[in-house]
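Below is one structure, written out as structure tokens; comments come after it.
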Amino acid sequence: MLRTEINELLTQTGPGTRMGDLFRQYWMPALLAEELPENDCAPVRVKILSERLLAFRDSDGRYGLIDEFCAHRGVSLWFGRNEESGIRCAYHGWKYDVTGQCVEVPSEPETGNFCANVKLRAYPLVKVGDILWTYLGDPAQQPPLPEFEFVRVPDEQTYTSKRWQECNWLQALEGGIDSSHVTFLHSGQLNSDPLFKGSKGNDYNKGDLKPFFEVADTDGGLLIAARRNAEEGEYYWRVTPWVMPSFTMVPPRGDHPVHGHIWVPIDDENCWVYTFDYHPVRPLTDDELSHMHAGYGVHSENVPGTYRPMANKDNDYLMDREAQRRGEQFSGVKGIAIQDASLQESMGPIVDRTKERLVATDTGIIKARQKLRKAALALAEQGVTPPGVDPEHHRVRSAAIVLPHEQPFQEGVAEAVVARPGVAQTTV
Amino acid sequence: MPKVVYVGSDGVASAVDAVVGESVMVAATKNGVPGIVGECGGNASCGTCHVWVRAPYFEQVGPPGEDLEEDLLDLGVSDRRCNSRLSCQIQVTDDLDGLTVDVPAEQP
């Protein structure tokens with residue numbers, strides 16, 4: 001459905017591309033706070049929007065995100081020593097602080113002022129919730145910090161994991177706004193997953209396999225609503241907010257914690273999936289947390305010490321044909337996250353969208369592409385700040401709700417889709 | 001029955017007797033007119049029933065009414081022109097008797 005040039009526009013996010021410029025308007029997750037657990041800990045290589053950077057936490061607890069490579073002759077500073085408020089290159093001892101400023105070149109005479117003129121590219125790195133966020137755009141345009149509810153509730157109410165996905169960010173995002181695949185790909189999970197099972201909404205989900213989709217514009221993105229039959233005269237609505245460019249939230253089930261994702265381009269053929277789970281009004285229970293750590297719900301079980309899932313494309317995602325035959329999993333792949341990853345990666349690193357055949361359930365995808373394209377062009381041509389930059393746009397929630405047939409969903413969920421501190425989610 | 005004429009990129013015209021109330025896409029697919037696919041069944045979701053509406057009918061038919069049609073014409077079709085429409089969103093009426101549309105060589 002998509003013309004080649006628009007597919008390229010939407011999928012390329014490196015420096016100097018139009019979608020890259022769009023992403024550079026937003027605060028984005030650069031890494032999890034747990035990756036820099038203490039002062040002077042090991043630095044971490046971070047690739048984001050095709051830029052290769054190094055994150056470190058200095059002796060005073062300041063976070064830095066600087067060019068990965070030494071200004072001298074281009075070796076990676078990842079091999080360096082994080083000591084005495086700076087990262088020191090392992091090659092010739094050049095040292096940089098968290099602003100990228102070179103503060104010492106040991107081989108040069110102390111009287112000289114050589115290092116004052118050496119500064120690496122550097123970006124802000126700020127902890128909000130469990131995430132270290134960065135902003136790669138023009139410092140003069142830097143927006144206020146993110147206000148998504150999952151990073152603003154108390155620590156004991158929220159958990160975030162991440163995993164590496166080996167495909168372009170857009171096909172991962174499109175999975176997040178396409179609720180119609182849940183009925184098939186994830187059907188096995190509604191009954192069995194400890195983070196999903198036992199809600200009335202699950203019965204409605206399973207009782208109506210042909211949901212009808214409606215999409216409504218919001219200031220920050222879209223609301224994508226799936227409508228299914230509930231009791232006589234009523235519909236069961238599952239409403240997913242998308243906040244530009246890549247935040248989505250899955251509608252809740254019962255009193256389970258609510259989850260969602262942020263997809264961050266690593267380069268054009270890889271992305272990070274940040275997955276969060278939080279409860280607006282209560283701490284997560286030990287059981288819930290241990291299930292999240294174990295890869296239940298929408299989280300993944302990763303290779304220890306890495307953020308690569310144990311089930312990945314090198315082992316065919318540990319696909320189990322027998323489990324597929326028995327109907328435990330629709331695709332034979334275990335776990336919602338890996339079910340999504342396996343199929344989205346199977347499309348190839350950047351899917352050729354000129355060949356796809358879209359249907360009525362793809363309305364959310366069509367609308368999202370159009371909003372992204374228009375925002376990228378408006379930014380490039382008129383400097384218009386895109387939707388989703390203003391933190392006001394972050395204060396959204398997903399909702400699951402039963403409404404009478406005659407009530408339009410936008411009206412019925414108007415309050416439910418606003419994040420309100422201290423107020424529980426609207427759920428069925 | 002109003003007549004609808006579809007002109008292919010090779011210049012070959014197919015004339016169809018259409019039923020009032022059905023869409024220009026359905027009238028084409030029912031009668032096997034080449035070049036109109038209508039993959040999504042008329043939901044303005046796939047963009048495979050794109051046509052260029054000839055004068056003077058375009059004035060009667062008007063521009064896209066639905067957001068989604070506008071999006072699909074923007075994103076999907078190979079050659080959007082000022083008279084582009086998705087034929088699934090044009091309803092056949094008696095007044096449109098003689099409606100003539102050009103069918104692109106390729107649907108997305």
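If you take every residue apart from A:LYS197 with its C-beta less than 13 Å away from the C-beta of A:LYS197, what net charge results, scoring Lys and Arg +1 and Asp and Glu -1?
On the way: positive: A:LYS200, A:LYS206, A:ARG253; negative: A:ASP193, A:ASP203, A:ASP255, A:ASP287, A:GLU288.
It works out to a net charge of -2.
The coefficient of translational diffusion for the stretch A:125-201, derived via Stokes-Einstein from the alpha carbon Kirkwood radius under 4 °C and 1.567 mPa s, stands at 80 µm²/s.
Each residue in A:ARG45, A:ARG321 was given a count of other beta-carbon atoms within 10 angstrom of its own, and listing them fewest first yields A:ARG321, A:ARG45.
Ranked by the mean number of other Cβ atoms within 10 Å per residue, highest first, peptides A:35-44, A:154-163 order as A:154-163, A:35-44.
What is the average number of partner chain Cβ atoms found within 10 Å of a Cβ in B:69-79? Before the final figure, lay out each step's value.
On the way: counts 0, 1, 8, 4, 0, 7, 11, 10, 2, 2, 1.
Whole-number average of other-chain Cβ neighbours for B:69-79 is 4.
Taking a straight line from the alpha carbon of A:LYS355, these lysines sit under 23 Å away, with near neighbours fewer than eight places off in the same chain left out: A:LYS367, A:LYS371, A:LYS374.
Size descriptors for the stretch A:228-339, from the alpha-carbon set: Rg then Dmax equal 16.5, 52 Å. Divide the volume of the convex hull around the Cα atoms of the protein assembly as shown by the residue count and you get 177 Å³ per residue. Of all DSSP-defined beta bridges confined to the protein assembly as shown, some 95% are antiparallel rather than parallel.
Between A:ASN113 and A:LYS47, residue separation times 0.36 nm minus the direct Cα-Cα distance comes to 20.6 nm. Under 1.5 on a/c is rounded, so check that first for the stretch A:267-332, then, if it is not, pick prolate when a/b is larger than b/c and oblate when it is not; a ≥ b ≥ c are the square roots of the alpha carbon gyration tensor eigenvalues. Cα axes put the stretch A:267-332 in the oblate bin. Dipole of the protein assembly as shown computed with +1 at Lys/Arg Cβ and -1 at Asp/Glu Cβ about the Cα centre; of B:GLN91, A:GLY332, A:LEU32, farthest Cα towards the positive end is A:GLY332.
Using 0.36 nm per residue of separation minus the Cα-Cα distance, give me the extension gain between A:LEU209 and A:ALA360 in nm, one decimal.
52.9 nm
Only lysines eight or more places from A:LYS313 in sequence, or on another chain, were considered; those with a Cα closer than 19 Å are A:LYS162, A:LYS334.
Could you grab the relative contact order for chain B? Cα pairs under 8 Å, six or more apart, rounded to a whole percent. Relative contact order, chain B: 41 percent. With a cut-off of 11 Å between beta carbons, the residues surrounding B:SER9 carry a summed charge of -4, where Lys and Arg count +1 and Asp and Glu -1.
Against the empirical curve 2.2 N^0.38 Å, the C-alpha radius of gyration of the stretch A:354-419 lands at a ratio of 1.48. Look at the Cα gyration tensor of the stretch B:3-92: its axes a ≥ b ≥ c give a/c under 1.5, and that counts as rounded. All C-alpha pair distances within the stretch A:177-217, sorted into 5 Å bins from zero, spread as 5, 20, 31, 23, 13, 6, 1 percent across the bins.
Among A:MET347, A:MET249, sorting on how many other beta-carbon atoms sit within 10 Å of each Cβ, with the fewest leading, yields A:MET347, A:MET249. Other residues with beta-carbon under 10 Å from the beta-carbon of A:ASP219 carry, at +1 per Lys or Arg and -1 per Asp or Glu, a net charge of -3. Run down the lysines and flag those whose C-alpha is under 27 Å from the C-alpha of A:LYS119, throwing out any fewer than 8 positions away in its chain. The qualifying lysines are A:LYS47, A:LYS95, A:LYS127. Full extension of the chain segment joining A:ASP138 with A:VAL103 gains 10.2 nm, where the gain is 0.36 nm per residue of separation less the Cα-Cα distance.
Tell me, what is the percent relative contact order of the stretch A:1-135, built from C-alpha pairs under 8 Å that lie six or more residues apart? Kindly include the intermediate steps, with their values, before the conclusion.
Numbers: 276 pairs, mean separation 28.8, N = 135.
With pairs under 8 Å counted, the relative contact order is 21 percent.
With contributions of -39500 (n - 2.57) from each DSSP H run of at least four residues, the per-residue ellipticity at 222 nm computed over chain A stands at -5500 deg cm²/dmol.
Put simply, when A:175-186, A:109-120 are sorted by average Cβ atoms within 10 angstrom per residue, most first, you get A:175-186, A:109-120.
Looking at the square roots a ≥ b ≥ c of the eigenvalues of the Cα gyration tensor of the stretch A:14-95, which shape do they give, rounded for a/c under 1.5, prolate if a/b is larger than b/c, or oblate? Mind showing how you got there, number by number?
Working: a/c = 2.78, a/b = 1.43, b/c = 1.94.
Because a/c hits 1.5 or more and a/b fails to exceed b/c, the stretch A:14-95 counts as oblate.
Each residue, A:SER76 and A:SER290, gets one label point 7 Å from its Cα in the Cβ direction; the gap between the two is 3.7 nm.
Placing a pseudo-label 7 Å from each Cα along the Cα-to-Cβ vector at A:PHE184 and A:ALA33 gives an inter-label distance of 4.1 nm.
Around the Cα centre of the stretch B:3-92, unit charges on the Cβ atoms of Lys, Arg, Asp and Glu (plus for the first two, minus for the last two) sum to a dipole of about 360 debye.
Put a dot 7 Å past the Cα of B:ASP67, heading toward its Cβ, do the same for B:LYS30, and the two dots end up 3.1 nm apart. Legend: mean number of C-beta atoms from other chains within 10 angstrom of residue C-beta atoms, peptide A:405-417, equals 0. Mean partner shielding of peptide A:4-10, defined as the number of other chain Cβ atoms within 10 Å of each residue Cβ, is 1. Which whole-number percent is the relative contact order of chain A (Cα, under 8 Å, 6+ apart)? About 19 percent, as a whole number.
Calculated FRET efficiency, B:ASP94 to A:ARG321, Cβ-Cβ distance, R0 = 60 Å: about 0.55 to the nearest 0.05.
For the pair A:VAL281 and B:ASP79, what calculated FRET efficiency results from E = 1/(1 + (r/R0)^6), where r is the Cβ-Cβ distance and R0 = 51 Å, to the nearest 0.05? Spell out each step's value before the answer.
Working: r = 54 Å, r/R0 = 1.06.
It comes out at approximately 0.40.
For a label point 7 angstrom out from the Cα of A:ARG121 toward its Cβ, which stretches of the stretch A:49-88 have the backbone nitrogen within less than 12 Å? Under 12 Å, as judged by backbone N against the label point of A:ARG121, lie A:49-54, A:66-69 of the stretch A:49-88. Counting only Cβ charges, +1 for Lys and Arg and -1 for Asp and Glu, the dipole size of chain A around its Cα centre is about 780 debye. Between A:ALA414 and A:ASN191, the C-beta separation translates, for a Förster distance of 35 Å, into a calculated FRET efficiency of about 0.65. Put a plus charge on the Cβ of each Lys and Arg, a minus charge on the Cβ of each Asp and Glu, and nothing anywhere else: the dipole of the stretch A:135-263 about its Cα centre is then about 400 debye.
Computed from the coordinates by the stated procedures, all read-outs in this text should not be read as laboratory data. Since this is a predicted model, take the numbers as computed values, not measurements. Because the Cβ atoms are built from the backbone with ideal geometry, glycine has one as well, and the counts that use them run over all protein chains shown.
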